[in-house]
Amino acid sequence: MQLVVRAGKRNEPKARLGLAELTSNLLVKGTARRNAAALVKAIEAVAGTIAVDVSYEAAFASCSALARNLGTCASLLSEIVTVPTFPAKELEDMRAALVAGVRSRAKNPRQWANLHLQHLLWGDNHVRGWAETEGSLASITRDDVVTWHKTWFTPGNAMLVVAGDVELAQLRPQLERAFGLWRKSVTAPAPKYPAPALPPVRVRLVDQPGAALTQLRVGLRGISHDDPRFFESLVWNHALGASGAARLPRALRAAGAAVTAAESTFDRNADQGSIVISAAARSSEALAAVQLLLAETSKVAKEGLTVAEVAAAITAISGSYLTRFESAADLTSSLVGAELHGFGEQYLQNFGVRLAQVTPASAKEAAEQLLDLNRSVVVLVGDAKDLEPQLTKLGWRFEKVKITDALSPATEAPATDVPPAQVAAARKTIEAAIKAKGGEARLRAIKALHLAGGGQTVIDNTPMQVQIRRWFVLPDRLRVDVEIDPPGDDPPATIQIGVDGDTGWQRSPEGLQDIPADALSSVEFERWREPELVLLEARAASVPLAPLPEVSIDGKPHTVVRVSSPFGIDLILAFDKQTMLLRRMTYTIADETNVDEFSGYRDIGGIKVAHKRVSTAGGRTTTVELSKVEISPKIDLSIFKRP
């Protein structure tokens, strides 16, 4: 089972390179229901595996297990994709791992050659020319991770592929249970990058003093997967450099050149990619090797392939393609690739037929169009003292950079600071709301709360009676009891949640269980946004505020302030302009927007408390009238302990 989100490295902002990989890797490091260890335990209990990955154009979450454990896979995939918590410690650990990868790249001339080739070919303003750095990774905040996930991980931007011994009748209800609450939302359009003009100097020498070998790269702009020349390109590329018996390695061996790993490849993405010819040679023979690579490539473009070469390529590619269907995981991957590029399963069925239609003439026509060396770029990574004389002797114009130089200038994130005058206006609104609520002194004197009430909750148009009791002892004890009376003859269901400091528990008809430590952050957010206390939280100097445009609620104007909580979740607070009492609170978690509305204010010990509360989220609306409100009552602390 594989869930694919159509967002990868091409969807990263330039100032936050590495964000896609960091976000994707963190999916399995904690959710609202389980921490990383609990996720591992859950999948190991069914002898399965769960993994995440990210590519240039997509993020992948995969689960493999026996068919009878399909429900576990569906549940876990839904969990890591829809309600990840991105724990701060895990984020820092993952960032450190990615930074270590960047540092190791500095010692890997092969990687540097690939990066410089893409940069020279596409430039500073195209995503293919970018590469993450220590600086870009260091600049990524948890808010960036949360926002990137919220932006791209939406149902309309995802697809789920399941392969195995399973019937649709069995599959559908399990998927509906797992993903049914993943609410639709608008997906941002994917960024587009027009291909820039090629640079005037198309040879780059990257100086690596003391290097005995030189990494050689020749690059051209290629095709997208849906290009009509795609199958012809598979054939000419296979014959040119996709195996040890291909033309490039044979030509270099015949010339006696000390060259390793000569090959050719091309990108197979939904957008235009690159064609890359690569090899490594002794620095003393580097330019002679480059000339051989260019000559053999030009020969394929001008003369084409023999009938035998075309037949051999078709046979080899067809045989390799058939191995993609040997296991359920292989089949899933193939289906994903086809669907990701808009082809559907017919592409898989007809692949061999279309490949067999390639002829020497059609392969030559495609190669001639794509392998135009007048539009190529060349990169050499090696010791400049050995390479510069060779370049000068050939009369090639080149640019020289150090292997320690940055690939491109550092990019600063767009300024997001709110002008001081606007911050001051927002703080003035919060101060006025605190005064209207009852004043700072009374609010700070609150030591505990006890609220009780009843009403109705409507889930997917089904009304049910509900009774709620809530106890809160500052700073870190919370207890919520909810009794739901469904329609018909079904008995009432009771759900209890208790939090005592850094531990928590939940009891429901399914039993009693602990709340994972990582999931407690969601409970902490609930405590933080408590309507009777949130104004003091918002007043803290460390909490970013910003005024938003006024809104009309029930025909009355309301002042709006955005409050950025320390949990990476923004609260949008709307205050009645006449009374300055809180009328509406809006926030979004895991792509689900929650709206809480408050009315029916009454004075309780000098503090205005809303006695009518309406909460809406997804397909659920709950209306509650408070029948009991106690401020700073004496509460038995044992009610917060795990039963």
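Among the residues of the stretch 602-642, those identified as under 27 Å from Ile459 (Cβ atoms) and open to solvent by 70 Å² or more (accessible area, probe 1.4 Å) are Lys612, Arg620, Glu625, Ser627, Lys628. Take Asp271 and tell me if it is at pLDDT below 95, under 30 Å from Lys9 (Cα atoms), open to solvent by 60 Å² or more (accessible area, probe 1.4 Å) and of a type outside the set (A, V, I, L, M). Answer is no for this residue.
For the stretch 185-198, does any single residue satisfy the condition of being open to solvent by less than 20 Å² (accessible area, probe 1.4 Å) and touching a residue at least 12 places away in the same chain (Cβ under 8 Å)? No, the conditions are met nowhere in the stretch 185-198.
Scanning the stretch 419-457 for residues that are free of Cβ contacts under 8 Å to residues at least 40 places away in the same chain and either among the hydroxyl-bearing types (Ser, Thr, Tyr) or over 15 Å from Glu537 (Cα atoms) (or both) yields Pro419, Pro420, Ala421, Ala424. Specify the residue that is farthest from Gly454 (Cα to Cα); the eligible residues are those in the stretch 496-514 that are aliphatic (A, V, I, L, M) and surrounded by 14 or more Cβ atoms within 10 Å (Cβ to Cβ). Within the stretch 496-514, the match that is farthest from Gly454 (Cα to Cα) is Val499. For the stretch 46-88, a residue qualifies if it is open to solvent by 40 Å² or more (accessible area, probe 1.4 Å), hydrophobic (A, V, I, L, M, F, W, C), over 17 Å from the mean Cα position of the chain (by Cα) and at negative phi, and the qualifying residues are Ala65, Leu66, Ala67.
Being of a type in the set (Gly, Ala, Ser) and in contact (Cβ under 8 Å) with a residue 60 or more places away in the chain, is that true of even one residue in the stretch 571-580? No, there is no match, as no residue in the stretch 571-580 is of a type in the set (Gly, Ala, Ser) and in contact (Cβ under 8 Å) with a residue 60 or more places away in the chain. The set of residues in the stretch 285-336 that are acidic (Asp, Glu) and open to solvent by 40 Å² or more (accessible area, probe 1.4 Å) comprises Glu285, Glu303, Glu326, Asp330. Note on the stretch 427-454: residues that are over 16 Å from Gly498 (Cβ atoms) and either buried (at least 17 other Cβ atoms within 10 Å of the Cβ) or in contact with a helix residue (DSSP H, G or I) (Cβ under 6 Å, 6 or more places away or on another chain) (or both) amount to 12.
I'd like to check which helices (runs of 4 or more DSSP H) are fully inside the stretch 264-347 and have at least 2 residues that are of a type in the set (D, E, K, R).
286-303, 328-340
Within the stretch 232-255, at least one residue is of a type in the set (Lys, Arg), open to solvent by 50 Å² or more (accessible area, probe 1.4 Å) and over 29 Å from Arg6 (Cα atoms).
The values are calculated or read from the model by the stated rules, or taken from the named source; none is laboratory data. Since this is a predicted model, take the numbers as computed values, not measurements. In this analysis, Cβ positions are derived from the backbone assuming ideal geometry, glycine residues included, and neighbour counts consider all displayed protein chains. Side chains are part of the model used for accessible areas, which takes the heavy atoms of the whole protein and leaves out ligands, DNA and RNA. Shrake-Rupley method; radii C 1.70, N 1.55, O 1.52, S 1.80 Å.
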